[in-house]
Amino acid sequence: MKNIRFSVLLLTIMTLMLSGCAGFQTSNNEEANVNDEGKTVVDFWSFWGSELRRPIIDKIVADFNESQDEIEVRHTYSPWGDIWTKELAAIAAGNPPDVVINDINATAIRGKENQAMNLSEFTDGDFSEKFYPELWEATLYEGDSYGIPFNTDTRVLFYNKDAFEEVGLDPEDPPETWAELEEYATKLDVKENGEYDRLGFYPLWGVGYDVWLLNANGQNYFGEDNNTDTVNINTERNVEVLNWLKSWRDRIGENTVNSFQAQIDSQQGNPFFSGDLAMIVQQPTFYQQISEYAEDLNFGAVQLPEYEPGSGHTSWGGGFVAEIPEGSSDPEAAWEFIEYLTDKEAQTYWAVENFDNVANIEAAEAATESDELTEEGQMVYQIAVESMEDTLFTPAPVEAPGFYNYINPQVDEFFLGQKTAEEALAQAEEDVKNLIEENQ
């Protein structure tokens, strides 16, 4: 009995100690948003941990911290993919970061799910006019923004000027339409003994089929304002585009496509750098690889060719936003940092140091004239800025989260020869419509 009483007493003491410790830790957590100097601490999460990007974002954070004396931003790096799993877990636990960098295409969904904070109280007036309209629209749910655009991208056509001259093409007159693209590509092909020494072009290197569908249509898959009452997947033009894409593989041959793809995947051995590929569609940031692996390459860059004359140089883009997760300890301080992060000065610094497309229009235009870029760099960045005017985004409607997961498998079956383009797109549209119905 004595031992039992002692055990109960010991257990009681331990419970009280643990309770005290737990209470002490909770108290510390509640005050964790204030540092020793009395400054509000903003916990900022990003996935920028590379040798190039980590110093740049850390410099922006340091500059913000030095620009005022009330807030200290602390940057936490988390690997791509892991960051958003951890963020959702932190929101569920009631201890989220104050600012997080997130994918722009699901911003509206996170707003609907109460994972991101409604920023309308901070974005009155002409604040939205700082950013490319397509980007801003992608952040809206029921008319309110749930994330502020930070960086973005587009797709442009890079081409080898020396190869153009070699076959009698004007290096200052790149292809303007799909018909010219095919014509130029055929002229640029060099084939000996059944093997390609140089390939003019292949449309599915650097971009996917979806970019060409958008380019041909000049519109997104859904209706105006991403309205899911309209679904533009199974259309005559889309069938035509898929068959056009497949015709390139049929002409060139699967072995050639796979061989060149393996070289492209190696980055340093990209056949565009060696002159074995005359044209390729890529993000403007591809210029960084050219500078590193083929600094003497004589190249040009231009907006994507039009489907037909006058149809538009439509491109596709994505990007990232700065969000305040629901449950942030100090939304006002978090917002002050987001304002700094997305304003002209920080955005210009990011654009030039990373050679990355930014969401702030003034900053993007300033980057085209930066003395820190070479003439070639300025040229490519200028083309990127021009392309942004014709760039579409494909944010997932709240009724169709992950809609691409219903289209891609069907298109894959088409390219594998298991379905016709009509069959693939018909099934894809049916699957997406069923998804919409389930979420309405």
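Can you list residues from other chains, or at least 5 along the same chain, whose modelled amide H is less than 5 Å from the amide H of F131?
When sequence neighbours closer than 5 places are left aside, the close amide H contacts are I361.
With θ set to phi - 60° and the Karplus curve 6.51 cos²θ - 1.76 cosθ + 1.60, what are the ³J(HN,Hα) couplings of region 370-379 in order, to the nearest whole Hz, using x for Gly and Pro?
Rounded to whole hertz, the list is 5, 5, 6, 9, 6, 4, 5, x, 4, 4.
Hey, how much of the P(r) for region 124-261 falls beyond 18 Å, as a percent of Cα pairs?
Across region 124-261, Cα pairs with separations above 18 Å total 68 percent.
Under a plain spin-label model, where a point goes 7 Å from the Cα along Cα-to-Cβ, how far apart in nm are D225 and K187?
For D225 paired with K187, the spin-label model returns 4.7 nm.
Distance from a point 7 Å along Cα→Cβ of Q440 to each backbone N in region 225-242: keep the residues under 20 Å and list them by number.
What the label zone holds, given the 20 Å backbone N cut-off, is 225-235.
So if we plug the beta-carbon distance of E142 and K246 into 1/(1 + (r/R0)^6) with R0 = 41 Å, what FRET efficiency do we get, rounded to 0.05?
On the way: r = 40 Å, r/R0 = 0.98.
About 0.55, to the nearest 0.05.
Express the accessible area of region 350-438 per residue in Å², computed with a 1.4 Å probe while the remaining protein chains stay in the model.
Here the per-residue accessible area is 44 Å².
Report the full-extension gain for the segment S259 to A92: residue separation times 0.36 nm, less the Cα-Cα distance, to one decimal in nm. Intermediate results must be reported in sequence, preceding the final value.
Working: separation 167, 0.36 × 167 = 60.12 nm, distance 4.69 nm.
In short, 55.4 nm is gained.
Any idea what % of Cα-Cα pairs in the chain are farther than 32 Å? Intermediate values should be presented prior to the final figure.
Values: 45298 of 96580 pairs.
Looking at the chain, the distances longer than 32 Å represent 47 percent of pairs.
Tell me, what ³J(HN,Hα) does each residue in region 252-265 have, in order and in whole Hz, if you take phi through Karplus 6.51 cos²θ - 1.76 cosθ + 1.60 with θ = phi - 60° and put x for Gly and Pro?
6, x, 4, 4, 5, 4, 5, 5, 5, 4, 4, 5, 5, 5
Return the long-range amide H neighbours of L277 (sequence gap of 5 or more, or a different chain), with a cut-off of under 5 Å between placed amide H atoms.
Counting only residues 5 or more places away or on other chains, the set is L199, F272.
How high is the relative contact order of the chain, given as a whole-number percent (alpha carbon pairs under 8 Å, six or more residues apart)?
Working: 696 pairs, mean separation 100.8, N = 440.
Computed over the chain, the figure is 23 percent.
With an 8 Å Cα cut-off and a minimum separation of 6 or more residues, compute the relative contact order for region 153-250 in percent.
16 percent
Counting other Cβ atoms within 10 Å, which GluC sites (Glu not before Pro) in region 240-335 have at most 12 and lie in a DSSP loop?
Counting only loop positions with at most 12 other Cβ atoms within 10 Å, the GluC sites (Glu not before Pro) in region 240-335 are E295.
Rounded to a whole number, what % of the accessible area of region 312-440 do carbon and sulfur atoms account for, probe 1.4 Å?
Of all accessible area on region 312-440, carbon and sulfur atoms account for 43 percent.
Share of antiparallel DSSP beta bridges in the chain, in percent to the nearest 5?
Percentage antiparallel, nearest 5: 65.
Which one of A90, A351, A363 has the biggest mean-square fluctuation once the chain is modelled by GNM with Cα springs under 10 Å?
A90
Expected output is a single nm value to one decimal: the length gained when fully extending between D82 and L52, i.e. 0.36 nm times separation in residues minus the C-alpha distance. What is it?
8.8 nm
Starting from the eigenvalues of the Cα gyration tensor, five times each then square-rooted, give me the equivalent ellipsoid semi-axes of region 34-162, largest first, whole Å.
26, 22, 17
Apply the Karplus curve 6.51 cos²θ - 1.76 cosθ + 1.60, θ = phi - 60°, to the phi angles in region 177-191 and return the couplings in whole Hz, x for Gly and Pro.
Coupling constants for region 177-191: 10, 4, 5, 5, 4, 5, 4, 5, 4, 5, 5, 7, 4, 10, 10 Hz.
So if each residue of separation counts as 0.36 nm, and I subtract the Cα-Cα distance between K59 and D197, what length gain in nm does that give?
45.1 nm
Can you give me the long-range amide H partners of V42? Hydrogens built in the peptide plane at 1.01 Å from N, cutoff under 5 Å, separation of 5 or more residues or another chain.
Those qualifying (amide H under 5 Å, at least 5 residues apart or on another chain) are E72, V73, R74.
Based on the Cβ-Cβ distance from S67 to E369, what FRET efficiency comes out when R0 is 30 Å, to the nearest 0.05?
Working: r = 24 Å, r/R0 = 0.81.
Between S67 and E369 the formula returns 0.80.
Under 10 Å, Cα contacts only: if you run a Gaussian network model on the chain, which one of A108, A384, A185 comes out with the highest mean-square fluctuation?
Checking each option, the largest mean-square fluctuation is seen for A185.
Express the relative contact order of region 264-407 as a whole percentage, based on alpha carbon pairs under 8 Å and six or more residues apart in sequence.
Value for region 264-407: 24 percent.
Filter the GluC sites (Glu not before Pro) in region 380-440 down to the DSSP loop ones having no more than 16 other Cβ atoms within 10 Å, then list what survives.
Taking region 380-440 and a limit of 16 other Cβ atoms within 10 Å, the loop GluC sites (Glu not before Pro) found are E389.
The values are calculated or read from the model by the stated rules, or taken from the named source; none is laboratory data. A quick note: this is a predicted structure, and the numbers were derived from the prediction, not measured. Note: ideal-geometry Cβ built from the backbone for every residue, glycine included; neighbour counts use all protein chains shown. All accessible areas refer to the heavy atoms of the entire protein, side chains included, with ligands and DNA or RNA removed. Shrake-Rupley method; radii C 1.70, N 1.55, O 1.52, S 1.80 Å.
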